[in-house]
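The values are calculated or read from the model by the stated rules, or taken from the named source; none is laboratory data. Everything quoted here is computed from the prediction, not taken from an experiment. Heads up, the Cβs are rebuilt from the backbone with ideal geometry, glycines too, and the neighbour counts pull from every protein chain shown.
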Amino acid sequence: MRYAEYAKYKYVGILHHTGTLLLGVGLYLLLPLVVLLSHPQDSVYIMSFLYSSLISIAAGTSFRLIGRGAREASLDLAEGGVIVFITWTAAMALSALPFHLSGLLSFRNSLFESVSGWTTTGLSVVDVSRTPAIFLMWRSLMQFAGGAGLAIVMLSAILGPHGRGLYQAEGRTEQLLPNVKRSAKTVMMIYSGYTAAGAVLYMTAGMTPFDSINHALSALSTGGFSTRVASIGYYDSVFIQAVTMVLMLLGSTNFATHYVLLRGKFRAVTRNGELRTTVVLLAIFVPIVLACVVSPLHPFTKAVGISLFETISALSTTGYSTVSYNDWPGLAVACLVVLMLVGGGICSTAGGIKQYRIYILVKSVVWEIKSHLLPRTAVRENYIWKGESKFYVSHEHIKEIGIFFFIYMSTYIMGVLIFLAHGYPFRESLFEFASALGTVGLSSGLTEAGMPSGVLWTEIAGMFLGRLEFFVIIYSLVKIIRDITVRK
């Protein structure tokens, strides 16, 4: 079979699997309607969700019919990346429709809110004090699905061996179990269980059931959407802050680590490099932030809680806050920027460069120094612990991480320059785009409905790149362009 014919067969299969996921998106668009049981006044918005759902279901059905002849086509990483790229783009556009069809937001702002939801960023252009409950729930549901990974949520519809490339393209480089389908289900069981527990704890702390569900969905997905203008700070509750911090840390931890922990393999967990990185970063940055915000800004006891909560929120890329940063000194703001760029664990719901990559880069420096101190004839194999086994780190792997770091930081600098070109202050520009690219959601106050289009689209691009990661998008675009231009 010539490559052109083979590529055509593969793309027909891609359409089939994309259609399956779009059907899932269409059904998911109906889920916010459950809110009508407690908020019947929002029934005027039913058609906005029904029309959006029907469009998604119609598109998904059409794609499945077109691709039914290649539904058994296996997917490698590049082809899985194409599906992820197309499906995420379509899901974000379709999920923006209810906001727009209802007249709540312009399409530009609707798309921003949708992208912020699916990428679990949490930056927002809506006034939550005036937003109907059905849309607040829809924002939280988008973050829940986006945190687990759109493909992971609906991967059970795809046969295990054909879904491996899709699983990896979603950023799930580590399987919990040998079977992809079982791995996806295990992830969802852990994820859903934590969310349910979080909602119960929030209700115990005094939140309303509606607020509890919304905050549990957003906290574990490290999304940060809130039903209150003042975010978690609205409740002024130490217990609620404690529950939120636990959920944020759980959401930013590798799902493979959760699996090992739940199996009682505590020794394997303590050897995990990402968890050690989390402890070291918090041990360094919490005291620095504390020193910056303690009296005269806040009394010591309150400052301890603020510094711990805000650093965890930034590092986990959740974006919940208890205070405003307008009166914070530059050093404290810089600490949050660094933590937002680092981000959470790989194969978690968090964004950022990821602690795994930072850990490997730091270890590679140590390994390089040690190599020069050893005899020339010495043979040394560098490894880290992943789960219960050793993972030997090759030079190619370190090089790939270095390239990713370079691309990420270059994108960050370009985004900040766009902010500066529109006249925004340097400090706020650094903070706001770090929040967008890291899919965090903390804001210095720049992000709002009336932002210039150039800046808003820059944030949309940053959130999209930050969630799907650069290599998946690059590989997907290169594959599409190559397959379109091939002539043999």
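Considering the stretch 285-342 alone, what residues qualify as being in contact with an Asp or Glu (Cβ under 8 Å, 6 or more places away or on another chain) and assigned to a helix (DSSP H, G or I)? Hits for the stretch 285-342 are Val289, Leu336. Taken over the stretch 287-328, the residue count meeting the criterion of being farther than 23 Å from Ser221 by Cα, of a type outside the set (D, E, K, R) and touching a Leu at 6+ places or on another chain (Cβ under 9 Å) is 10.
Considered as a group, the residues in the stretch 401-427 that are among the aromatic types (Phe, Trp, Tyr) and in a helix (DSSP H, G or I) include one that is farthest from Glu469 (Cα to Cα), and that residue is Phe426. Criterion first (touching a Phe, Trp or Tyr at 6+ places or on another chain (Cβ under 9 Å) and over 25 Å from Gly251 (Cα atoms)) does Phe112 satisfy it? Here the answer is no, as Phe112 does not meet what is asked. Taken together, Ala350, Ala332 contain a single residue that is under 24 Å from Phe285 (Cα atoms), small (Gly, Ala, Ser) and in contact with a Cys (Cβ under 6 Å, 6 or more places away or on another chain), which is Ala332.
For the stretch 253-275, indicate whether the set of residues that are of a type outside the set (Phe, Trp, Tyr), on the phi > 0 side of the Ramachandran plot and modelled with pLDDT under 95 is non-empty.
Within the stretch 253-275, one or more residues are of a type outside the set (Phe, Trp, Tyr), on the phi > 0 side of the Ramachandran plot and modelled with pLDDT under 95.
Each residue in the stretch 346-388 was checked for being more than 30 Å from Tyr412 (Cβ to Cβ), of a type in the set (Ser, Thr, Tyr) and assigned to a helix (DSSP H, G or I), and 1 of them qualify. Here the helices (runs of 4 or more DSSP H) wholly within the stretch 103-167 that include at least 1 residues being modelled with pLDDT of 95 or more, crowded, with 21+ Cβ neighbours inside 10 Å and among the small types (Gly, Ala, Ser) are 107-118, 133-148. Do we find a residue being within 21 Å of the chain's Cα centre (by Cα), crowded, with 17+ Cβ neighbours inside 10 Å and closer than 24 Å to Phe391 by Cβ anywhere in the stretch 287-309? There is no residue in the stretch 287-309 that is within 21 Å of the chain's Cα centre (by Cα), crowded, with 17+ Cβ neighbours inside 10 Å and closer than 24 Å to Phe391 by Cβ. For the stretch 428-462, filtered to residues that are of a type in the set (Ser, Thr, Tyr) and in a loop (DSSP other than H, G, I, E, B), the residue that is modelled with the lowest pLDDT is Ser444.
Just a yes or no: is a residue in the stretch 172-182 in contact with a helix residue (DSSP H, G or I) (Cβ under 6 Å, 6 or more places away or on another chain), at pLDDT below 95 and of a type in the set (S, T, N, Q)? Yes; the residues of the stretch 172-182 include at least one that is in contact with a helix residue (DSSP H, G or I) (Cβ under 6 Å, 6 or more places away or on another chain), at pLDDT below 95 and of a type in the set (S, T, N, Q). Only one of the numbered conditions (1) touching a residue at least 24 places away in the same chain (Cβ under 8 Å); (2) at negative phi; (3) out of contact with any Asp or Glu (no Cβ under 9 Å at 6 or more places or on another chain) is violated by Lys399, and that is (1). Do we have any residue at all in the stretch 1-22 that's surrounded by fewer than 19 Cβ atoms within 10 Å (Cβ to Cβ), within 22 Å of Ala59 (Cβ to Cβ) and touching a Leu at 6+ places or on another chain (Cβ under 7 Å)? For the stretch 1-22, residues surrounded by fewer than 19 Cβ atoms within 10 Å (Cβ to Cβ), within 22 Å of Ala59 (Cβ to Cβ) and touching a Leu at 6+ places or on another chain (Cβ under 7 Å): absent. Taking the criterion of being hydroxyl-bearing (Ser, Thr, Tyr) and either surrounded by fewer than 17 Cβ atoms within 10 Å (Cβ to Cβ) or closer than 11 Å to His17 by Cα (or both), the residues of the stretch 48-67 that qualify are Tyr51, Thr61, Ser62. Candidates Ala93, Ala78: the one that is under 21 Å from the mean Cα position of the chain (by Cα) and free of Cβ contacts under 8 Å to residues at least 60 places away in the same chain is Ala93. Specify the residue that is nearest to Tyr325 (Cα to Cα); the eligible residues are those in the stretch 204-236 that are aliphatic (A, V, I, L, M) and surrounded by fewer than 16 Cβ atoms within 10 Å (Cβ to Cβ). Taking the candidates together, the pick is Ala230.
For the stretch 266-273, state whether one or more residues are within 23 Å of the chain's Cα centre (by Cα), crowded, with 18+ Cβ neighbours inside 10 Å and not β-branched (Val, Ile, Thr). The answer is yes, given that some residue of the stretch 266-273 is within 23 Å of the chain's Cα centre (by Cα), crowded, with 18+ Cβ neighbours inside 10 Å and not β-branched (Val, Ile, Thr).
Of the candidates Leu282, Leu315, Leu297, the single residue that is farther than 17 Å from Phe431 by Cα and at pLDDT 95 or above is Leu282. Of all residues in the stretch 381-427, those being of a type in the set (Val, Ile, Thr), more than 22 Å from the chain's Cα centre (by Cα) and at pLDDT 95 or above number 1. When Ile240, Ile232 are screened for being touching a residue at least 24 places away in the same chain (Cβ under 8 Å), more than 21 Å from Ile384 (Cβ to Cβ), out of contact with any Ser or Thr (no Cβ under 6 Å at 6 or more places or on another chain) and not basic (Lys, Arg), only Ile240 passes.
Here is the figure for the stretch 386-424: residues that are touching a Phe, Trp or Tyr at 6+ places or on another chain (Cβ under 7 Å), over 23 Å from Met340 (Cβ atoms) and surrounded by 12 or more Cβ atoms within 10 Å (Cβ to Cβ) total 3. For the stretch 387-428, a tally of residues being hydrophobic (A, V, I, L, M, F, W, C) and in contact with a strand residue (DSSP E or B) (Cβ under 8 Å, 6 or more places away or on another chain) returns 2.
Each residue in the stretch 189-220 was checked for being under 17 Å from the mean Cα position of the chain (by Cα) and either closer than 14 Å to Ser140 by Cα or assigned to a loop (DSSP other than H, G, I, E, B) (or both), and 9 of them qualify. If you go through the stretch 441-475 and pick out every residue that is within 19 Å of the chain's Cα centre (by Cα) and either over 20 Å from Leu420 (Cβ atoms) or among the basic types (Lys, Arg) (or both), you end up with 10.
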